[in-house]
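Some notes on the structure that comes next.
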Amino acid sequence: MALHSVKVAVIGAGVSGLIAARELQKEGHNVVIFEKNKRVGGTWIYDSKSDSDPLSIDPTREIVHSSVYLSLRTNLPRHIMGFLDYPFAKRESGDPRTFPGHEEVLHFLEEFAGEFGIHGLTRFETEVMKVERKGNEWLVESRRLTRGNDSVSEQVFEAVVVCSGNYVEPKHGVVPGIEKFPGLQIHSHNYRVPHDFKDQVVILIGIGPSSFDISRDIATVAKEVHVATRPIPDLNMKLENVRNICFHTL
């Protein structure tokens, strides 16, 4: 238990925000969580909608927070994704796989929030507009996002924990000449389902976890899928059991 209880603002109710709020509350601090969405879960909340700009470059675009695609599964086994005192256990009616789908992760986070009373600490559909230092305190300006109530309010806190996510803004590589490509261009942040690529020849730039997932997903409907990346020894190959995916170095 903390010797001195302070009022703390936690920005975001994703994984980091949930665990930060739980630990702060356990130490006796007064916690308020600000969350733009209607529920906890952060980046694990699937949204069939995507940014109005497929490349997520236009600063005036309508932004959708989630980057989750429909077929997404974890790339870590569930037994190392839980907490020491709250394991990510299999549910009787849930996804039993060692690498479960995103719905199972979201359900786990919602159960975690319920177990530790975090919903009651959270101001849902509330966006933090500004955080400003005022002497030894912090002034947090927030705005309600509910229809018919877009009121702005200010509140003073002794500490602020920013848990708004490391993957909110899509990263863009520099590919000379890509602006001349006449076909569909889309950032992986905006990928959801493969049907837009049916019978097409598709190239993915990059070879991170999302590229592996999305290339295999698109390959179920596309004519050919090519994955291009920086030079990696012995990368010009095809995946076993997948005939229409090839890897290339740029």
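The values are calculated or read from the model by the stated rules, or taken from the named source; none is laboratory data. Small disclaimer: the values here were computed from a predicted structure and weren't measured. Note: ideal-geometry Cβ built from the backbone for every residue, glycine included; neighbour counts use all protein chains shown.
Couple of notes before you dig in:
- Among the candidates GLU127, GLU110, the residue that is outside any strand (DSSP E or B), within 22 Å of GLY41 (Cβ to Cβ) and either touching a residue at least 40 places away in the same chain (Cβ under 8 Å) or over 22 Å from the mean Cα position of the chain (by Cα) (or both) is uniquely GLU110.
- Some residue of the range 225-241 being at pLDDT 90 or above and in a loop (DSSP other than H, G, I, E, B): no
- Qualifying position, being at pLDDT 95 or above, in the same structural domain as GLU154 (by TED's automatic domain parsing), within 21 Å of ILE186 (Cβ to Cβ) and part of a loop (DSSP other than H, G, I, E, B), among SER48, SER56: SER48
- Any hit, the range 78-98, residues being in a loop (DSSP other than H, G, I, E, B), among the basic types (Lys, Arg), over 28 Å from GLY208 (Cα atoms) and touching a residue at least 12 places away in the same chain (Cβ under 8 Å): yes
So that you can scan it fast, the table gives a plain yes or no per residue for (1) modelled with pLDDT of 95 or more; (2) over 24 Å from LEU145 (Cα atoms); (3) polar (S, T, N, Q):
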{"position": "ARG22", "(1), (2), (3)": "yes, yes, no"}
{"position": "VAL40", "(1), (2), (3)": "yes, no, no"}
{"position": "VAL64", "(1), (2), (3)": "no, no, no"}
{"position": "PHE99", "(1), (2), (3)": "yes, yes, no"}
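- Members of the range 25-37 that are touching a Ser or Thr at 6+ places or on another chain (Cβ under 9 Å) and either assigned to a helix (DSSP H, G or I) or surrounded by fewer than 16 Cβ atoms within 10 Å (Cβ to Cβ) (or both): GLU27, GLY28, ASN30
- Of the strands (runs of 3 or more DSSP E) lying entirely inside the range 146-214, those carrying at least 2 residues that are more than 23 Å from VAL10 (Cα to Cα) and over 18 Å from the mean Cα position of the chain (by Cα) are 201-205.
Okay, residues lined up against (1) among the hydroxyl-bearing types (Ser, Thr, Tyr); (2) touching a strand residue (DSSP E or B) at 6+ places or on another chain (Cβ under 7 Å); (3) not assigned by TED's automatic domain parsing to the domain that holds SER210:
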residue	(1), (2), (3)
THR98	yes, no, yes
LEU109	no, no, yes
ALA113	no, no, yes
GLU127	no, yes, yes
ARG133	no, no, yes
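- Scope the range 144-155; condition in contact (Cβ under 8 Å) with a residue 40 or more places away in the chain and either touching an Asp or Glu at 6+ places or on another chain (Cβ under 6 Å) or β-branched (Val, Ile, Thr) (or both); matching residues: LEU145
- Candidates SER71, SER142 - the one that is hydroxyl-bearing (Ser, Thr, Tyr) and either under 21 Å from ALA20 (Cα atoms) or part of a helix (DSSP H, G or I) (or both): SER142
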